[in-house]
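A short worksheet on the structure shown next.
What follows draws every value from the coordinates through simple rules; no lab data is involved. Since the structure is predicted, the reported quantities are computational estimates derived from the model, not experimental observations. Cβ placement follows ideal geometry from the backbone for every residue including glycine, while neighbour counts extend to all protein chains displayed.
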Amino acid sequence: MLGGLREKLVPWVQKIADAPFKPRTDFLTRTYPIEAQKRVAREAMAAIGFDTDAGRLDISAHPFCSGTGGDVRLTTRYFEDQPFASLYGVVHEAGHGLYEQGLSEDHAGAPLGSSCSMSIHESQSRLWENIVGRSKGFLTFFEPRLRAAYPEQLNGVSVGEVYAAVNRVEPSLIRVEADEVTYGLHIVLRFELERELMAGDLAVADLPAAWNKKMEQYLGITPPDDADGCLQDVHWSFGMVGYFPSYALGSLNGAQLFAQCKRDIPGVEDGFVRGEFAPLLEWLREKVHRVGRLYLPNDLIAHVTGKPPSADDFMAYVAEKFGTLYGI
């Protein structure tokens with residue numbers, strides 16, 4: 001699946017790079033007070049349904065979600081010149097949190113009350129972060145809150161320009177800040193290197209050079225140092241080898257689930273502009289959260305959508321969203 005995804009994404013990155021349309025991004029370099037970013041983040045997580053009586057938001061060096069049931073901890077990080085990095089970091093982690101809060105309390109600690117797998121967990125976070133959070137409907141609904149928090153910074157900036165900016169496709173160094181199109185290539189790079197490391201075909205000492213070579217090959221950029229290269233993630237230092245594919249599989253599974261939700265609930269996406277996220281959340285509660293580990297991951301996707309996991313719905317989503325945005 002990842003090999004096929006790579007072959008599909010690389011041409012899209014090139015087509016977008018060659019497109020004449022370039023999103024306006026000058027307003028992203030302005031100073032956005034941290035306290036205002038904190039308010040925006042909390043308003044966003046509450047808007048999509050995260051229960052703040054059963055969880056909380058704090059700060060850490062790398063965003064994460066931890067805990068289960070009635071005690072779900074979310075974290076993010078804030079930079080004054082990257083207001084949307086914290087916003088979407090929180091929406092991503094809140095997606096994880098919504099899954100944990102939706103598990104069956106009657107079966108807490110048992111398989112039926114446990115999350116299915118990390119690829120399914122990431123399907124929830126990637127769905128809420130990107131398909132919902134970066135949608136035109138969500139940003140239209142959330143526009144008054146953004147303008148209240150950043151009146152000077154967003155003065156003269158339309159919601160359409162914000163939508164284009166937060167969905168701009170541009171090869172970048174840092175995985176967690178990558179756009180939807182190039183993100184999968186960050187994962188393929190890590191997975192291929194992990195396999196070589198585990199097979200003994202790549203020495204740890206040679207990892208930085210191998211990393212830089214693949215970054216140039218897939219994304220056309222080279223890290224200036226290892227901090228922005230092979231040492232940027234915490235996963236390998238934690239011993240979490242084999243975890244990275246769950247992010248890409250999460251994107252594919254999330255798109256496939258959302259495509260089915262739109263078939264089951266016609267107009268569900270139209271409700272985003274009115275702040276109506278409950279129908280989607282309840283659908284996910286019924287189809288994914290409360291099912292726990294009743295199915296293996298691939299079987300769960302097949303059970304809900306009627307077909308095995310694939311990249312088809314994700315690539316259709318990419319073509320529709322970014323083909324329209326970039327006039328391709």
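Adding -39500 (n - 2.57) for every DSSP H run of four residues or longer, then dividing by how many residues the chain holds, sets the calculated 222 nm ellipticity at -16500 deg cm²/dmol. Beta bridges per DSSP, both residues in the chain: antiparallel share near 50 percent. Taking +1 at the Cβ of each Lys and Arg and -1 at the Cβ of each Asp and Glu, which of THR76, LEU9, THR31 sits farthest along the dipole of the range 1-112 towards its positive end, judged by Cα position relative to the Cα centre? Positive-most Cα among the choices belongs to LEU9. Cβ-Cβ distance of VAL273 and ALA205, R₀ of 41 Å, FRET efficiency by 1/(1 + (r/R0)^6): the value works out to about 0.20. When each of the peptides 120-129, 219-228, 158-167 is scored by the mean number of other C-beta atoms lying within 10 Å of its residues, the order from highest to lowest reads 120-129, 158-167, 219-228. Taking each residue as 0.36 nm, the span from ASP264 to ASP312 lengthens on full extension beyond its C-alpha to C-alpha distance by 15.4 nm. Which value, in debye to the nearest 20, describes the size of the charge dipole of the range 39-182 about its Cα centre when Lys and Arg Cβ atoms bear +1, Asp and Glu Cβ atoms bear -1, and nothing else is charged? I would put it at about 200 debye.
Approximating the spin labels as points 7 Å out from Cα along Cα→Cβ, the GLU152-to-GLU80 distance works out to 1.1 nm. Label the chain by shape, choosing from rounded, prolate and oblate, from the square roots a ≥ b ≥ c of the eigenvalues of the Cα gyration tensor; if a/c is under 1.5 it is rounded, and otherwise prolate applies when a/b is larger than b/c, oblate when it is not. Cα axes put the chain in the rounded bin. Ranked by how many other Cβ atoms sit within 10 Å of their own Cβ, fewest first, the residues ILE48, ILE301 fall in the order ILE48, ILE301.
Working from label points 7 Å from Cα in the Cα-to-Cβ sense, the LYS8 to ILE328 distance is 1.3 nm.
Computed about its Cα centre, the charge dipole of the range 180-262 is approximately 400 debye, with only Lys, Arg, Asp and Glu carrying charge at their Cβ. Scoring 56-68, 175-187, 280-292 by mean Cβ neighbours within 10 Å over their residues and listing the highest first yields 175-187, 280-292, 56-68.
Annotation for ILE174 and MET198: the two label points, set 7 Å from Cα along the Cα-Cβ direction, are 2.8 nm apart. Can you work out the FRET efficiency for the pair GLU320 and LEU296, with r the C-beta to C-beta distance and R0 = 22 Å, to the nearest 0.05? It comes to 0.15. Taking 0.36 nm per residue of sequence separation and removing the Cα-Cα distance, the THR29/ASP106 pair yields an extension gain of 22.9 nm. For the residue pairs LYS213/LYS321; LYS38/LYS321; LYS15/LYS307; LYS8/LYS213; LYS262/LYS321; LYS136/LYS307, alpha carbon separations beyond 26 Å are given by LYS213/LYS321; LYS38/LYS321; LYS15/LYS307; LYS136/LYS307.
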